[in-house]
Amino acid sequence: MPPPAHLLVELFEAHGVTTLLTETRLIFPDFSSLWAEAMTFNERKQGEIYTVQLGIRLGIAPGRRVVESFGGVGSNPDEALINAFQGFTVSSFHVFLATFFTPEAYDEQVTYEQWELGSAPRPVILGNLGIKGNFPESTDPTEQFTAFENALKRQNFSPETHWIRLFYGHAGGTTLACEVLLDNEPWPELQEVMRTVAWPPSEEYYSLRVFLVLPAADHNHGTLEHSILTCLLETLQAHPDGSEETLVEAMIARGIVRPTADRAFKFTQLVCGRSILGNLLPKFALDYHFFDAHGTITESGKLADDPLFCLIADALPELMALPSFKTLLIFSSEFNTVNKMLHNGSKPENIQLGPVGFFTEPPTHEGHEKVQTALRQMLEGETPPKTMPWWKKLGRK
C-alpha cells in the first residue's frame, strides 16, 4: 500500500499547490499557516474484499483543523486506498482548494453560493454530492438536500470559518447512519432534522455524503477581526476579574470558537504587557510562534502582519481604560518574566527577550521542554529543529 501522505502530495501538486513532505505532515511554502496530514486505519480483509479508512486533516489556524474520513473498498489494499482517495477527491478536496488555497480562482468542481444564514448573508462553498451503493435511480435527492439547506439557513454562525458534513447511510429498508458534523463535532439538532427527512427506502445499500465550508465572513475586508475585537472588549468589560479560562469561555458563549478566543487573549496579554515594558526595554521580538502540546510549531509569522494582533494593538487606549487591565498584565508572560528579572537585580538595558511562543493546547512535560529549547536557540541565533511536521453536481460512484 503506498504511503497515503505521498498520494496526498501528488494530488495537491497535480492541482498546482507546492508541497513539502516532512516526517509527519505536508506543509505548503506558499501558505505558511496551512498544513495537512493523511493516515490510514481500520485496514481489514473480509474474504476477498479489502477495506480501509482514510483520515485527512487540514490545519487552517492554530488549534483549528478540518478532519475528514473516507472508507475505501477494493480487491487488494492498494485498490481500497485509491477508492478512499477518490471519495476524498470528489467530496472534499476541491472545497479545500477553493476555500483555502485558490479562493480567487473558479473551480468547476464546487458550487459557490450566497446564503442568508440567520440574519446575515454568507458565502458558501459546496462540494459534489458523493453517492455510493445503489441509490434508487427513480429518486432525485433534491428534497433531502433542500431540507438540509433550509435547516442550515435557520442557524446563526460566528464569523469564523466553519465546515459542515452530512453523511447518510441506508440498507434493508432502514437508516444505518445519519451524521451531521459542525467543525468536526456531532451536531445533534441537525442530525435529528435530517433523520426525519423522507429518505427513499431501499433494500440495497446506498450512502450520500456532502461537505461544505462557510468561509470567514467578509474576511478580506477585516470584518472578522473587528467582530472578534468587539467581542473581546465587551467580554473584558463584563468580567473585570475573570480568569483567562473564564474570559475565553465567555467569548465562546458569544459565538467565537475556542482557538480564536484563545488567540485573541494571548495577543491581548502581549500588547498590555508591552505597553508597560516599552518604557524599560529597548526592543521586543517581532516574530511569534504557536506550538501544539508536543512542542511542534504549527504557525509562525510576524506580529505586524497579523490583522488581529494589529487591531488589538490599535485598541490599547481602550484596553488601558478597562478595570481588567491590571489582570491582563498579570496574565502576560513577558511582563512577569521581566518583572522577575528586575527584582533579581537585572538592569533593563541588559534584558533581551526571546521570540514570542504560545501553546495552542495544554503542553506535555516533554513539549514544554522542547519549546523552551527551541525558543532559546532562536534567541541565540540558532535554527531549531523543525518538526512541523452541494449537491447541485451529482457524483455517483
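The values are calculated or read from the model by the stated rules, or taken from the named source; none is laboratory data. Please read these numbers as outputs of a predicted model, since none were measured by experiment. Positions of Cβ are generated from backbone atoms using ideal geometry, with glycine treated the same way; all protein chains shown enter the neighbour counts.
Results, tabulated for the structure shown:
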| item | result |
| --- | --- |
| Neighbours by Cβ (under 7 Å, 6+ apart or cross-chain): first from region 60-74, within 13 Å of Phe88 (Cα to Cα); second aliphatic (A, V, I, L, M) and not in a strand (DSSP E or B) | Phe70/Ala84; Gly71/Ala84; Gly72/Ala80; Gly72/Leu81; Gly72/Ala84 |
| Filter result (crowded, with 19+ Cβ neighbours inside 10 Å and either assigned by TED's automatic domain parsing to the domain that holds Leu58 or not hydrophobic (A, V, I, L, M, F, W, C) (or both)) within region 275-296 | Ser275, Tyr288, His289, Asp292, Gly295, Thr296 |
| Residue in region 85-101 that is part of a loop (DSSP other than H, G, I, E, B) and surrounded by fewer than 21 Cβ atoms within 10 Å (Cβ to Cβ) present | no |
| Residue pairs meeting the criteria (Cβ under 8 Å; at least 6 apart or on separate chains; first assigned by TED's automatic domain parsing to the domain that holds Cys272, in region 322-342; second hydroxyl-bearing (Ser, Thr, Tyr) and surrounded by 15 or more Cβ atoms within 10 Å (Cβ to Cβ)) | Leu328/Thr268 |
| Matching residues, region 141-162, being under 26 Å from the mean Cα position of the chain (by Cα), closer than 23 Å to Phe88 by Cβ and not in a helix (DSSP H, G or I) | Thr161, His162 |
| Residue satisfying condition, being at pLDDT 90 or above, surrounded by fewer than 17 Cβ atoms within 10 Å (Cβ to Cβ) and not aliphatic (A, V, I, L, M), within set Asn76, Asn42 | Asn76 |
| Residue in region 163-185 that is in a helix (DSSP H, G or I), over 24 Å from the mean Cα position of the chain (by Cα) and surrounded by 21 or more Cβ atoms within 10 Å (Cβ to Cβ) present | no |
| Filter result for Glu349 (outside any loop (DSSP other than H, G, I, E, B), at pLDDT below 85, over 22 Å from Pro259 (Cβ atoms) and assigned by TED's automatic domain parsing to the domain that holds Pro240) | yes |
| Tally of residues being at pLDDT 90 or above and either farther than 27 Å from Pro355 by Cβ or outside the structural domain of Ser333 (by TED's automatic domain parsing) (or both) across region 240-274 | 3 |
